[in-house]
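Down below is the structure, laid out as structure tokens.
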Amino acid sequence: KSQALSRAKAQIAAKRMLGGYGNDNKAISSARTNLQKALVGKSIKNLQTEISNIKANTKVLSALKKDVGQAEMVLRSKTDDLVHKLEAAMNDKTNPKQKETLESILDDVTALGITGYDDLIQNAVEKLIHLEHLKKLQAMIANLNQRTIAEIKSFKNPHPMLIIVIQCVFLFIG
């Protein structure tokens with residue numbers, strides 16, 4: 001009984017080391033099916049995980065080398081598309097929902113652990129912080145009370161810098 005338990009534990013450990021796939025034809029078929037599902041699905045993370053699982057098992061990898069190559073090309077393409085979306089979101093200054101869009105895409109990029117674009121990701125984070133700051137400023141301007149506005153209007157000869165600031169604020173809030 002203890003030998004059977006030891007063998008079962010050893011098999012479970014071996015499966016984990018092999019990326020969850022055994023070395024038989026059933027495992028190869030299962031890996032192929034899972035890879036095809038990951039290719040059809042929208043989740044880049046699932047595709048990335050499936051490729052990693054297959055690569056962890058040399059027998060499965062050798063049987064699915066062509067499929068894995070195609071899957072890696074699709075993964076690269078989807079990753080590049082996501083990076084292009086990130087760049088577009090950063091440069092889309094006319095979109096009133098730029099902050100939300102950038103935040104969503106940046107979450108996807110960081111969740112996938114995309115590497116090789118560290119400067120772009122850092123710039124996107126800085127842009128997001130800037131947009132959050134602008135959102136707070138808009139809220140503060142929108143919450144100006146009538147007393148403050150009346151005080152500003154009451155100036156007979158306001159300082160030229162105050163005029164410039166108020167004009168900028170009005171341009172900013174539309």
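Residues are listed down the side, and each one gets a yes or a no for (1) polar (S, T, N, Q); (2) out of contact with any Cys (no Cβ under 7 Å at 6 or more places or on another chain); (3) open to solvent by less than 60 Å² (accessible area, probe 1.4 Å):
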site: K78; (1), (2), (3): no, yes, yes
site: L144; (1), (2), (3): no, yes, no
site: S154; (1), (2), (3): yes, yes, no
site: L162; (1), (2), (3): no, yes, yes
site: F170; (1), (2), (3): no, yes, no
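For region 36-76, name all the residues that are acidic (D, E) and closer than 16 Å to L112 by Cα.
Across region 36-76, the qualifying residues are E50, E72.
Go through K45, K59 for me and flag whichever is touching a residue at least 60 places away in the same chain (Cβ under 8 Å), more than 30 Å from V169 (Cβ to Cβ) and open to solvent by 80 Å² or more (accessible area, probe 1.4 Å).
K45
Please find, among D92, D108, D80, D67, the residue that is closer than 25 Å to V125 by Cβ, in contact with a Leu (Cβ under 8 Å, 6 or more places away or on another chain) and of a type in the set (D, E). Before the answer, list the steps.
Working: D92 fails: in contact with a Leu (Cβ under 8 Å, 6 or more places away or on another chain); D80 fails: in contact with a Leu (Cβ under 8 Å, 6 or more places away or on another chain); D67 fails: closer than 25 Å to V125 by Cβ.
Going through D92, D108, D80, D67 in turn, the sole match is D108.
Between a first residue in region 107-132 that is at pLDDT below 85 and a second residue that is basic (K, R), which pairs have beta carbons less than 6 Å apart while being 6 or more apart in sequence or on different chains?
Once the first residue is at pLDDT below 85 and sits in region 107-132, its partners that are basic (K, R) give L112/K45.
So for region 82-92 (the condition being in a helix (DSSP H, G or I), touching a residue at least 12 places away in the same chain (Cβ under 8 Å) and open to solvent by 80 Å² or more (accessible area, probe 1.4 Å)), does at least one residue qualify?
yes
Residues of region 93-132 being open to solvent by 60 Å² or more (accessible area, probe 1.4 Å), under 23 Å from Q48 (Cα atoms) and outside any helix (DSSP H, G or I), which ones?
If the condition is that a residue be open to solvent by 60 Å² or more (accessible area, probe 1.4 Å), under 23 Å from Q48 (Cα atoms) and outside any helix (DSSP H, G or I), then T115, G116, Y117 are the ones that fit.
The values are calculated or read from the model by the stated rules, or taken from the named source; none is laboratory data. What you are looking at is a predicted structure, and each value in this text was computed from that prediction instead of being measured. When we count neighbours, we look across all protein chains shown, and the Cβ atoms used for this are built from the backbone with ideal geometry, even at glycine. The area values use the complete protein model at the heavy-atom level, side chains included, leaving out ligands, DNA and RNA. Shrake-Rupley method; radii C 1.70, N 1.55, O 1.52, S 1.80 Å.
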